[in-house]
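The values are calculated or read from the model by the stated rules, or taken from the named source; none is laboratory data. All values reported here derive from a predicted model rather than from experimental measurement. Neighbour counts run over all protein chains shown; Cβ positions are idealised from the backbone, glycine included.
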């Protein structure tokens, strides 16, 4: 993973709600409405968080009609963590 990608992910994870979203979506795929119910935020705010997480490839999005379903991209997360595990 390139240093630029590491930096982008790190910046995205600087927001606590995004870390909580990562945790939620690590357990199962969730629709936006179910994620929204877990937080006291507006739909536009959730959309902003999801955009940040999908742009750095930490979250996968699947569209089904008007619904969006989100899941953790475990491959990207593992590559991110591996980068830091290799630092000695």
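For this structure, a couple of remarks:
- Residues that are under 14 Å from residue 11 (Cβ atoms) and under 13 Å from the mean Cα position of the chain (by Cα) are absent from the range 59-79 altogether.
- Every condition in (1) at pLDDT 95 or above; (2) in contact with a helix residue (DSSP H, G or I) (Cβ under 7 Å, 6 or more places away or on another chain) holds for residue 32 except the one numbered (1).
- Residue 63 meets all of the listed conditions (1) loosely packed, with under 15 Cβ neighbours inside 10 Å; (2) in contact (Cβ under 8 Å) with a residue 60 or more places away in the chain but one, namely (2).
- Residues of the range 3-17 satisfying the condition of being farther than 20 Å from residue 85 by Cα and outside any helix (DSSP H, G or I): 15
- Of the candidates 80, 69, the single residue that is assigned to a strand (DSSP E or B) and either surrounded by 12 or more Cβ atoms within 10 Å (Cβ to Cβ) or modelled with pLDDT of 95 or more (or both) is 69.
- Test: residue 52 is touching a helix residue (DSSP H, G or I) at 6+ places or on another chain (Cβ under 9 Å) and free of Cβ contacts under 8 Å to residues at least 40 places away in the same chain: no
- Listed conditions (1) surrounded by 14 or more Cβ atoms within 10 Å (Cβ to Cβ); (2) assigned to a helix (DSSP H, G or I) are all met by residue 57, apart from (2).
- Within the range 18-42, the set of residues being part of a helix (DSSP H, G or I), loosely packed, with under 14 Cβ neighbours inside 10 Å and within 13 Å of the chain's Cα centre (by Cα) comprises 19, 23, 26, 27.
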